[in-house]
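Here is the structure we will look at, set down as structure tokens.
None of the figures in this text is laboratory data; all of them are computed from the coordinates on show. In this text the structure is predicted, and so the values were computed from the model without any measurement. Counting neighbours? That spans all protein chains shown, and the Cβs are built from the backbone with ideal geometry, glycine included.
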Amino acid sequence: MNFSEGRLRVFDPRHECIDRGQLERLQLERLQQVVHRVQKNVPCYQNKFREAGVDAREIRNLSDLSRLPFTTKDDLRQNYPYDMFAVPMKEVVRIHSSSGTTGKPTVVGYTRSDLHTWTDLVARFMTAAGVHDEDIVHIAFGYGLFTGAFGLHYGAERIGASVIPMSGGNTEKQLMILQDYKSTALVCTPSYALTLADRMEQAGMNPRDLSLEVGLFGAEPWSEQMRVEIEERLGIVATDNYGLSEVMGPGVAGECLYKCGMHIAEDHFIAETIDPDTGDVLPPGSKGELVITTLTKEGIPLIRYRTRDITRIHQEICECGRTLARMEKTMGRSDDMLIIKGVNVFPTQIEEVLFKVEGCQPHYQLIVDREDNRDSLEVQVEVQECIFFDEMRQQREFVQSVEGELATMLGVSAKVKLVEPNSIPRHEGKAQRVIDRRNKDL
Ligand code: DLL
């Protein structure tokens with residue numbers, strides 16, 4: 001911890017500004033330890049290593065990592081609930097699970113030391129995003145098995161901020177608490193931040209009269225345009241942070257105030273990008289699937305976990321002085337990527353277009369269907385009332401112009417349907433943007 005301008009911050013320059021050579025030595029030492037640990041304690045890894053013909057003693061350089069097999073969500077499901085744990089249950093002091101909507105959730109266990117590390121890493125990225133001990137942090141993630149709320153809660157407390165464990169839902173009450181308790185930092189999904197902005201406007205509140213200064217958003221993909229919208233409407237600085245429950249939860253990576261990618265906690269994780277089809281490791285800066293190896297986790301260490309998230313990693317030193325590599329905002333998950341008439345489309349690309357068009361509201365839904373063996377994509381977007389009730393001709397022109405922009409961006413045509421304000425369902429947690437009806441008969 002360090003003190004600057006009289007404020008308590010959790011900045012760890014020894015690790016956050018570490019020289020890359022030194023970092024790589026630390027990573028190798030920790031990698032060798034974790035690989036030995038899983039080989040000794042986790043039957044799933046014993047089998048995987050045997051099948052791949054590798055042994056922990058053969059990891060002599062960081063480049064040997066690529067010889068190790070991947071771990072997937074399926075491995076976790078097959079070992080549900082506790083068989084991937086590397087410690088006896090008596091050492092596990094917390095259990096969380098993933099928020100997946102299909103199949104069994106994945107279960108993760110934390111030892112006391114894992115909770116310490118998690119808290120430190122969240123405190124680190126919250127500090128980088130401008131949070132300090134005088135902040136009042138309003139946490140609107142749902143408390144429960146989801147890692148978002150507890151992760152940011154303990155991180156903010158470590159910084160010394162005053163935490164309001166508001167949890168999700170009850171938007172009217174959220175507004176009252178934000179106003180009366182003078183919250184200065186907002187923590188939730190970016191889509192919920194916009195829902196809060198909408199409700200404030202409907203209630204005749206001016207967000208700029210609140211005390212909010214910063215927003216820390218994560219848990220779902222969001223575009224740069226959405227950041228601009230949130231910052232303007234709430235009058236705050238908005239940063240992105242990334243994580244996944246299997247790997248730890250929030251705290252894997254987070255943006256500093258330069259907002260040019262999320263610093264990855266590389267002293268605790270090795271991040272690779274791979275070609276999702278071949279599994280080949282890509283050079284830094286190439287777009288690919290993020291694969292993470294946990295270096296210090298005790299409860300459930302993971303080797304080369306395939307996140308399915310698509311991003312790029314940059315190693316150039318950031319203006320903030322942190323040397324830890326930065327991952328770009330993820331475009332979305334490879335399994336959320338839509339293939340429309342053979343063209344790959346990410347919901348965030350559509351979001352980028354919609355946010356640029358004046359009159360479109362930041363609420364949209366994508367309906368994918370297949371008729372006569374042809375894919376169709378309909379983009380339903382809320383528009384300002386004046387457009388919704390506009391003359392037919394003007395409305396048609398508006399629709400055509402949005403369709404034109406989408407076709408240029410996506411390389412495939414999409415039908416645009418304008419819908420009334422507030423008609424698309426709002427979500428308190430992660431937004432559900434896509435309804436894919438193509439597999440309805442399966
Ligand atoms: O969403 C952990 C988290 C909580 C991160 C709060 C940040 C803030 P899961 O529920 O397991 O964990 O979902 C993980 O969410 O693989 C990504 O697809 C997506 N995701 C998380 N953060 C971001 C982000 C938490 N900043 C999955 N941008 C991940 C885009 C994100 N997608």
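Numbers for the structure displayed
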read-out: Radius, Kirkwood style, for the chain when every pair of distinct Cα atoms is counted (Å); value: 23.0
read-out: Alpha carbon convex hull of the stretch 338-436, projected area averaged over orientations, nm²; value: 6.5
read-out: 16 Å Cα-Cα reach of K73 towards aspartates and glutamates, excluding residues that sit fewer than 8 places from it in its own chain; value: D83, E246, E289, D309, D335, D336
read-out: Segment M337-E224, extension gain: residue separation times 0.36 nm, minus the distance between their alpha carbons; value: 38.8 nm
read-out: Sum of -39500 (n - 2.57) over DSSP H runs of 4+, divided by residues of the chain (222 nm, nearest 500); value: -9500 deg cm²/dmol
read-out: The chain, relative contact order [Cα under 8 Å, separation at least 6], %; value: 14
read-out: Highest-fluctuation residue, A129, A193, A203 considered, GNM on the chain with Cα pairs under 10 Å; value: A203
read-out: Per residue convex hull volume, Cα atoms of the stretch 114-163, in Å³; value: 61
read-out: Summed residue charge, Cβ within 12 Å of Q22's Cβ, Lys/Arg positive, Asp/Glu negative; value: -2
read-out: Cα-based Rg of the stretch 195-259 normalised by 2.2 N^0.38 Å, two decimals; value: 1.25
read-out: Total charge dipole magnitude, the chain, about the Cα centre, Cβ charges on Lys, Arg, Asp, Glu only, Debye to nearest 20; value: 1380
read-out: Derived scalar couplings ³J(HN,Hα) [the stretch 365-371; Karplus, 6.51 cos²θ - 1.76 cosθ + 1.60; whole Hz; x for Gly, Pro]; value: 8, 10, 10, 10, 9, 9, 10
read-out: With eigenvalues of the C-alpha gyration tensor scaled by 5 and rooted, the stretch 289-406, Å; value: 38, 20, 12
read-out: Under 21 Å from the Cα of K259 - lysines, other chains or at least 8 residues apart; value: K287, K329, K356
read-out: Lysines with Cα under 17 Å of K182, excluding same-chain neighbours fewer than 8 positions away; value: K173
read-out: Gyration tensor verdict on the stretch 1-100 (Cα atoms; rounded if a/c is under 1.5, prolate if a/b is larger than b/c, oblate otherwise); value: oblate
